Amino acid sequence: MTAATGTTWATSTPSAPRTTFAGTGTLVRLGLRRDRVKLPAWVAGLGIFVLYIGNALPLLAPTQKDLAALVPMFTQPVGRMFTGPAFGMDDPTYERFFAAGYTPYLFLLAALMNIFLVVRHTRQEEETGRAELLRANVTGRYAPLTAAIVIALITNALVLVVVSGLAITNGFATTGSLLVGLSTALSGLAFAGVTAVTVQLSEFSRPAAGMAGGVLGAAFVIRAVGDMAAPGGSALSWFSPLAWPAQTAPYVHDRWASLLLLVLVAVAGTTAGYLLLGRRDFGASLVAVRPGRPHARPRLGTPSGLALRLQRGGFLGWGTGILLLGVTDGAFAQAMLDAGEDMPPAMAEMFSTDALLDGYSSFLGAFVTVLIAAYAVFGVRTLRVEEDSGRTDTVLATPIGRSGWLGSHLAVVAVGAVVISVVTGVCTGLAAAAVTGDADVIGMVTVAHVALVPAALVVAGLGAALYGWAPRLVAPLCWVLVVWMGVVEFFGELLQLPDALVALSPLHQLASPPVEDFTAGPFLVVLALAVGLALMGLVGFRRRQVDVVG
């Protein structure tokens with residue numbers, strides 16, 4: 001692929017003017033070819049989500065009375081935290097239910113898709129050295145960033161068509177469906193603009209993606225807290241880009257004005273990205289890299305010390321975000337108890353119990369475990385990034401063996417997952433005890449978290465197995481499993497998913513204290529599955545060739 005592209009540029013444009021945007025069209029075509037599977041898969045996933053919800057809601061609530069019984073799930077504070085401001089729930093319809101309960105996840109997924117897209121086509125290209133090869137041809141300074149933005153525009157235009165079209169196919173109102181599609185696309189473009197800035201700040205793709213992900217996480221927390229404060233959202237909600245598309249109130253008010261804020265963020269972020277790009281050298285970053293020590297600490301000479309250093313940023317970033325979200329959820333325990341009398345049967349079923357505090361503790365444990373599973377995917381993907389950059393090859397040229405290198409990284413990710421689970425459980429329990437005055441809830445919430453952590457370790461084990469045998473599949477399959485765990489845990493009962501598909505979630509195989517009694521059997525089986533997958537990855541990594549980049 002690289003040779004063919006280089007030949008084209010070298011022979012067809014020898015006298016082309018070297019403008020700052022030269023080669024943009026070729027880079028766009030190259031990027032679309034490279035992402036010919038990834039981007040259609042993302043768009044198809046968003047479309048399938050819309051189609052599935054549209055078909056599942058009439059099965060779940062076949063009558064208006066059934067639909068009305070589900071309304072409190074979204075109108076109560078905890079429901080608004082996970083979904084949005086709950087517009088139109090005084091007269092619920094399927095399309096309003098879709099907009100109130102599920103479109104926020106479309107916005108979130110679109111934002112993630114664009115973060116990965118822009119990082120992959122800009123900073124990651126510089127980090128791996130491929131951009132340097134392209135710059136040897138007639139390629140302008142701003143061409144890579146422009147190509148990434150153009151690809152983002154094309155992809156989000158496709159998202160607009162697919163999401164709107166399938167929503168209309170579900171029988172939803174045309175205007176509201178177009179508003180949902182446009183909101184999803186503009187949410188993605190807004191975070192493409194944010195990422196255009198963060199890729200200028202770091203020399204490496206992971207911190208750049210981490211910073212953009214941090215902005216997305218902060219936007220989610222601000223929206224959640226703002227929407228919890230009052231139905232329809234509060235003043236705090238307007239400080240979050242994830243709240244602006246929800247404020248359009250599709251199928252209810254059909255307001256378009258708040259989308260201008262997303263356009264403003266997209267344009268401002270992209271413009272800032274160009275300005276910052278013009279102020280840095282190729283391969284460099286605007287955040288100065290601190291000079292290292294003349295001599296590395298002795299522990300960096302060991303596989304575990306090196307793995308700990310490389311995984312430290314992801315652990316601290318994900319751990320801090322999960323901890324803050326857990327403490328926020330714990331602080332709302334009393335609000336949940338106060339709303340207990342109005343709890344509908346469907347929501348009680350969601351918490352799997354009539355004892356609300358027990359069910360809420362179990363729910364928080366599952367929610368945090370899904371997030372920890374996402375951290376595990378991030379940690380395992382570090383292996384792939386290290387290999388693509390050529391650093392793995394350098395390390396393996398030393399007496400460090402393959403098993404030691406991979407095993408050390410997996411051990412650090414696993415220990416990190418356990419530490420995040422325990423610390424978040426204890427702190428969430430402390431927050432819940434502070435508002436309820438019940439000290440017993442500390443232990444209850446902590447156990448609810450720790451009992452489910454093997455599910456997150458299975459995700460890490462799957463990532464290790466895929467890295468050993470099919471490294472290209474690490475990200476897509478692991479993220480699919482994380483998303484599926486969340487869908488089964490939070491919407492499984494609501495969507496009446498088939499048992500065979502529900503069983504694919506490792507989270508579903510574990511007992512959820514305090515709603516269910518802890519049993520060692522499933523806990524150990526799932527833990528053994530995680531270890532077995534990790535061992536499979538070690539075997540595969542010893543048998544395959546390590547990519548050499550340089």
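The values are calculated or read from the model by the stated rules, or taken from the named source; none is laboratory data. This one's a predicted model, so the numbers in the text were calculated from it and none came from an experiment. For neighbour counting, all protein chains shown are included, and Cβ atoms are generated from backbone atoms with ideal geometry for every residue, glycine included. Surface accessibility is based on the protein's heavy atoms, side chains included, excluding ligands, DNA and RNA. Shrake-Rupley method; radii C 1.70, N 1.55, O 1.52, S 1.80 Å.
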(message) Based only on Cα atoms, what mean projected area does the convex hull of the range 371-445 have, in nm²?
(response) 6.1 nm²
(request) Figure the gain on full extension for T320 and V531 (residue separation times 0.36 nm, minus the Cα-Cα span) and round it to one decimal in nm. (result) 73.3 nm
(message) Debye calculation, C-alpha points only, no solvent: report log10 I(q)/I(0) for the range 146-295 at q = 0.11, 0.21 Å⁻¹, in the same order as the q values.
(response) -0.51, -1.29
(request) May I ask you to order 77-87, 500-510, 360-370 by the average number of other C-beta atoms within 10 Å around their residues, highest value first? (result) 360-370, 77-87, 500-510
(message) What figure, in Å² to the nearest 10, do you get for the accessible area of W479 with a 1.4 Å probe and non-protein molecules left out?
(response) 70 Å²
(request) Hey, could you grab the Kirkwood Rh for the range 159-240? Inverse mean 1/r over distinct alpha carbon pairs, Å, one decimal. (result) 14.6 Å
(message) Defining a contact as two alpha carbons under 8 Å apart and six or more residues distant in sequence, what relative contact order in percent does the chain show?
(response) 14 percent
(request) Taking the Cα atoms of the range 215-300, report the difference between the largest and smallest coordinate on each principal axis, in whole Å and largest first. (result) 63, 34, 19
(request) Inverting the mean 1/r over all pairs of different Cα atoms, compute the Kirkwood radius of the range 418-550 and quote it in Å. (result) 16.5 Å
(message) If you scale each eigenvalue of the Cα gyration tensor by 5 and take the root, what three semi-axes come out for the chain, rounded to whole angstrom and sorted largest first?
(response) 39, 31, 20
(request) Over the chain, give the accessible area per residue in Å² for a 1.4 Å probe, as an integer. (result) 42 Å²
(request) May I ask you to list, by number, the DSSP H helices of the chain whose Cα span along the axis is at least 24 Å and whose average Kyte-Doolittle hydropathy reaches -1.0 or more? (result) 38-60, 103-121, 143-169, 174-201, 205-229, 259-277, 303-331, 356-389, 402-436, 453-469, 474-495, 520-543
(request) Please give the calculated 222 nm ellipticity per residue for the chain, where each DSSP H segment of at least 4 residues contributes -39500 (n - 2.57) and the sum is spread over every residue; nearest 500 deg cm²/dmol? (result) -24000 deg cm²/dmol
(message) Using Stokes-Einstein with the Kirkwood hydrodynamic radius over Cα pairs, what translational diffusion coefficient do you get for the range 219-269 at 20 °C and a viscosity of 1.002 mPa s, in µm²/s rounded to a whole number?
(response) 193 µm²/s
(message) Past the 17 angstrom mark, what percentage of all C-alpha to C-alpha distances in the range 33-92 do you count?
(response) 58 percent
(message) I'd like to know how the range 76-168 sits against the 2.2 N^0.38 Å rule of thumb: what's its Cα Rg over that expected value?
(response) 1.56
(request) Could you give the size of the charge dipole of the chain about its Cα centre, using +1 on the Cβ of each K and R and -1 on the Cβ of each D and E, expressed in debye and rounded to the nearest 20? (result) 3040 debye
